[in-house]
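Okay, structure first, notes after.
Read-outs throughout are calculated quantities, based only on the coordinates presented, and are distinct from any laboratory measurement. These figures come from a predicted structure and were not determined experimentally. Here Cβ is always computed from backbone atoms with ideal geometry, including for glycine, and neighbour counts include all displayed protein chains.
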Amino acid sequence: MSYAISLIHEAEAVAVFAGAGMSVDSGLLPFRGEDGLWTKSIVMDGKSYSHLELMSNHAFIESPNAAWEFILKLKEKYEQTTPHQGYSKLLDVLKDKAHFIVTSNVDEHFLKAGFDEHSIFECHGSVNYMQCLDILEREVWITPEIKIDNLQLEDLPACPNCGSMCRPNVLLFGDWFWIPIRSTHQQMRYIKWCKEMKATKRKLIAIEIGAGKTIRTIRNAAESITLSDFPLIRVNPFDIETTSPNHVSVQMTAKEFLMSL
Ligand SMILES: [Zn+2]
């Protein structure tokens, strides 16, 4: 633990990889994972849906009212929730170091906590953006404010180009229809940042926070950057085993660890 903290303070550049555990500590339910929202069901208009059903491209075609109601409630919850203090502690530690945030969370809480939008890669998108169901559009727009009560079909957001139904610009389950144009732009900035860190021989470390094993996106991203001999600090309350002598494990929640920096 103290070794992990000294690594962070001595580093010149820090890549942060944040999974659902980072948001859970602010009081938000994880979406994926073993106890994620997708394992639960919800009743809308007298019909029971699993979250898994509602978070699919198909749902926005077959049951758009229910699917949008679920998304808008999720968006409202994200807006009403304050990012926990660990975010500002992390920002304080990183403000004088080169840094980049890679996150699978779609709640924009890093942005809300004050991190620079040009230093964030949201690999699963953001609930604050939407796209047309026609993937040939290749555009995304900010999701407008829509009243959730008594949501009617005509209240649902329409594509500014062709007028058809929109859906959130987040990676849904089994999703072949996500338009990752915004996320790809962020990823290009992240790749450029990595190249710059290597070219300028910065003392780089990676911190992986709150990323589980069920969906390995964030773990894989964190492990891939450390292949070139940078240390990785893995922070999670469980499943903290690592495979490289360069990796350091800390069995703590995201907030507990960040508040100890
Ligand atoms: Zn369209």
- Task: Would you grab the residues whose amide H sits under 5 Å from the one on Val248? Only those 5+ places off in sequence or on another chain, please, with H modelled 1.01 Å from N.
- Result: Leu232, Ile233, Arg234
- Note the full-extension length gain between Arg216 and Lys112 as 0.36 nm times their separation in residues minus their Cα-Cα distance, in nm to one decimal. 34.9 nm
- Query: Please state the relative contact order of region 2-259 as a whole percent: Cα pairs under 8 Å, 6+ residues apart?
  - Reply: 26
- Query: Residue-wise, which Karplus ³J(HN,Hα) couplings in Hz belong to region 180-194, taking 6.51 cos²θ - 1.76 cosθ + 1.60, θ = phi - 60°, and x for glycine or proline?
  - Reply: x, 5, 5, 4, 5, 4, 5, 5, 4, 5, 5, 4, 4, 4, 4
- Query: With the chain treated as a Gaussian network of Cα nodes joined by springs under 10 Å, which of Ala20, Ala11, Ala67 yields the largest mean-square fluctuation?
  - Reply: Ala11
- Item | Within a Gaussian network of the chain (alpha carbon springs, distance under 10 Å), most fluctuating of Cys123, Cys162, Cys132 | Cys162
- Say R0 is 30 Å: what FRET efficiency, to the nearest 0.05, do Ile142 and Ser2 get from their beta-carbon distance? 0.10
- Rounded to the nearest 500, what is the 222 nm mean residue ellipticity of the chain from helices alone, with -39500 (n - 2.57) per DSSP H run of 4+ residues and division by all residues? -9500 deg cm²/dmol
- Query: Once phi is turned into θ = phi - 60°, what whole-Hz ³J(HN,Hα) does the Karplus curve with 6.51, -1.76 and 1.60 give for every residue of region 49-62, x standing for Gly and Pro?
  - Reply: 10, 7, 4, 4, 5, 6, 9, 9, 4, 4, 4, 6, 8, 8
- Query: Hey, got a sec? Which GluC sites (Glu not before Pro) in region 185-261 land in a DSSP loop and have at most 15 other Cβ atoms within 10 Å?
  - Reply: Glu241
- Task: Multiply the residue gap between Asn150 and Gln85 by 0.36 nm, knock off their C-alpha separation, and tell me the result in nm, one decimal place.
- Result: 19.9 nm
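To check you understand DSSP bridge types, tell me what percent of the beta bridges within region 2-259 (both residues inside) are antiparallel, rounded to 5. List each step's numbers first, then the result.
On the way: 12 of 35 bridges.
Given both bridge residues lie in region 2-259, the antiparallel proportion sits at roughly 35 percent.
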- Query: In what order do Trp176, Trp68 fall by count of nearby beta-carbon atoms within 10 Å, going from fewest to most?
  - Reply: Trp176, Trp68
- Message: As a quick test, which of the pairs Lys75/Lys97; Lys89/Lys195; Lys77/Lys147; Lys89/Lys203 have an alpha carbon distance above 23 angstrom in this structure?
- Response: Lys75/Lys97; Lys89/Lys195
- Mind listing the long-range amide H neighbours of Phe17? Cut-off is under 5 Å, sequence gap 5 or more, other chains count too, H placed in the peptide plane at 1.01 Å from N. Val102, Ile207, Glu208, Ile209
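Mind sorting Phe230, Phe238 by how few other Cβ atoms lie within 10 Å of their own Cβ, fewest first?
So the residues, fewest neighbours to most, are Phe238, Phe230.
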- Message: If R₀ is 41 angstrom, what is the calculated FRET efficiency for the pair Lys195 and Cys162, using the beta carbon separation as r and rounding to 0.05?
- Response: 0.60
- Message: Checking the cross-link filter: which aspartates and glutamates have an alpha carbon closer than 13 Å to that of Lys95, excluding same-chain neighbours under 8 positions apart?
- Response: Glu12, Asp116
- Item | Note, ³J(HN,Hα) from phi for region 103-115, Karplus 6.51, -1.76, 1.60, rounded to Hz, x at Gly and Pro | 9, 8, 6, 9, 8, 6, 6, 5, 5, 4, 7, x, 6
